[in-house]
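Shown next, in structure tokens, is the structure this report addresses.
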């Protein structure tokens, strides 16, 4: 199984040993506990575009009116606009029980990989989805011959910056009032 098509998390139910605990009072087997859902990260295809656009809309609806309109528009592409984004960018999707829960784009530029458009379903954040996407992007970058990966994070998105730091990125600079008059934190991870 390749790095672009791998489950993350517990082994599939067919590979797990199934045991039902026995109720000591009645000697009757209790129902088996269902294993947690498996997270799968794969390279995105054009078939994923409607789900990706829906995820972006879900995420950015909570910021409506709080960010510059151009930024909101950029992060809520139509399926046709997203098809254009896929040119020159390799996207990875994370699915849990076939439902799209995360996406991340990678763009190779002169021996380095730039990460773009990281998004995770707000209802299930802090469950390792972004980390799994980052891991797949690092593997892809190394196979591509990149020596580093970098990201531009809006300074106000503190949780994203913390995630990148936890993954080993170092802050290399801040561009003040850069995009949409927002401060941007530049971060890099050297392999």
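Please treat every number below as a calculation from the coordinates, not as lab data. None of these values were measured; they are calculated from a predicted model. Don't worry about glycine lacking a Cβ; one is built from the backbone with ideal geometry, like all the others, and counts go over all protein chains shown.
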* Tell me, what is the FRET efficiency for residue 139 and residue 63 to the nearest 0.05, using R0 = 35 angstrom and their Cβ-Cβ distance as r? -> 0.70
* Structure fact -> In cubic angstrom per residue, the convex hull of region 50-191 built on its Cα atoms measures 112
* Structure fact -> For region 132-187, one quarter of the surface area of the C-alpha convex hull, expressed in nm², comes to 4.1
* Asked: In what order do 190, 120, 89 fall by count of nearby beta-carbon atoms within 10 Å, going from fewest to most?
  -> 190, 89, 120
* To do: Give, in nm to one decimal, the length gained when the segment between residue 84 and residue 109 is fully stretched (0.36 nm per residue of separation minus the Cα-Cα distance).
  => 7.2 nm
* Ranking of 138, 169 by count of other Cβ atoms within 10 Å, fewest first -> 138, 169
* Would you mind ranking 75, 60 so that the residue whose beta carbon has the fewest other beta carbons within 10 Å leads the list? => 75, 60
* Structure fact -> The relative contact order of region 81-128, taking Cα pairs under 8 Å that sit 6 or more residues apart, comes to a percentage of 26
* To do: Could you compute the FRET efficiency for residue 155 and residue 43, with r as their C-beta to C-beta distance and R0 at 41 Å, rounded to 0.05?
  => 0.85
* Asked: Relative contact order for region 37-146 using alpha-carbon pairs under 8 Å, separation at least 6, rounded to a whole percent?
  -> 28
